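Trainee: Structure below; questions to follow.
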């Protein structure tokens with residue numbers, strides 16, 4: 001009986017979290033897009049395949065906070081082109097996944113949702129560095145499953161785009177794909 005009860009509780013919890021997620025993502029379509037400064041737009045590549053210019057800047061900002069500042073002499077997020085690599089990678093994703101990611105970027109950045117979730121009165125891209133870190137941590141540890149899942153998606157794409165570029169390998173002590181005898 002307890003195993004059945006646990007499954008029902010888990011299913012109810014899943015449905016509750018999913019319904020909250022669907023509701024928030026649905027409302028995100030009604031949110032106006034935030035105006036970008038001309039200086040920020042000049043940093044965005046013109047030939048984007050998946051991201052809008054706004055989403056590109058949001059993802060780049062998220063990746064910078066997740067990966068962190070590079071050590072001296074090491075490449076950073078912009079050096080490796082993490083957002084551009086993610087744009088190319090996500091352009092080949094399933095259309096349903098693409099739609100969910102577009103909605104995620106709207107929810108993640110919109111001042112309405114930053115206020116709703118964390119009582120912050122500013123969009124993610126306009127937060128200070130420590131506030132961005134705190135906001136991302138809030139998504140990572142949220143009581144809402146859809147926020148934790150969204151954080152995992154952002155983290156995995158950021159890290160995979162950074163660490164699959166050979167310029168990042170030196171930082172983690174990886175010397176490439178060759179046999180130990182070839183290292184001499």
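Trainee: Quick check: pseudo-label points 7 Å beyond the Cα along Cα→Cβ at residue 159 and residue 137, how many nm apart are they?
Mentor: Taking the simple label geometry, residue 159 and residue 137 are separated by 1.8 nm.
Trainee: What does the extension gain come out to for residue 69 and residue 128, with contour length at 0.36 nm per residue minus their alpha carbon separation? Intermediate results must be reported in sequence, preceding the final value.
Mentor: On the way: separation 59, 0.36 × 59 = 21.24 nm, distance 1.45 nm.
Full extension of this stretch gives 19.8 nm more.
Trainee: Still on this structure: Is the range 110-164 best put as rounded, prolate or oblate by its Cα gyration tensor, with a ≥ b ≥ c the root eigenvalues, rounded for a/c under 1.5, and otherwise prolate when a/b is larger than b/c, oblate when not? Show your work: numbers first, answer last.
Mentor: On the way: a/c = 2.37, a/b = 1.44, b/c = 1.65.
Oblate shape, in that a/c is at least 1.5 and b/c is the bigger or equal ratio.
Trainee: Between residue 49 and residue 97, how many nm apart are label points set 7 Å from Cα along the C-beta direction?
Mentor: Output for this residue pair reads 1.3 nm.
Values in this text are rule-based calculations from the coordinates and carry no lab data. The shown structure was predicted, so the numbers you read here are calculated from the model rather than taken from an experiment. Here Cβ is always computed from backbone atoms with ideal geometry, including for glycine, and neighbour counts include all displayed protein chains.
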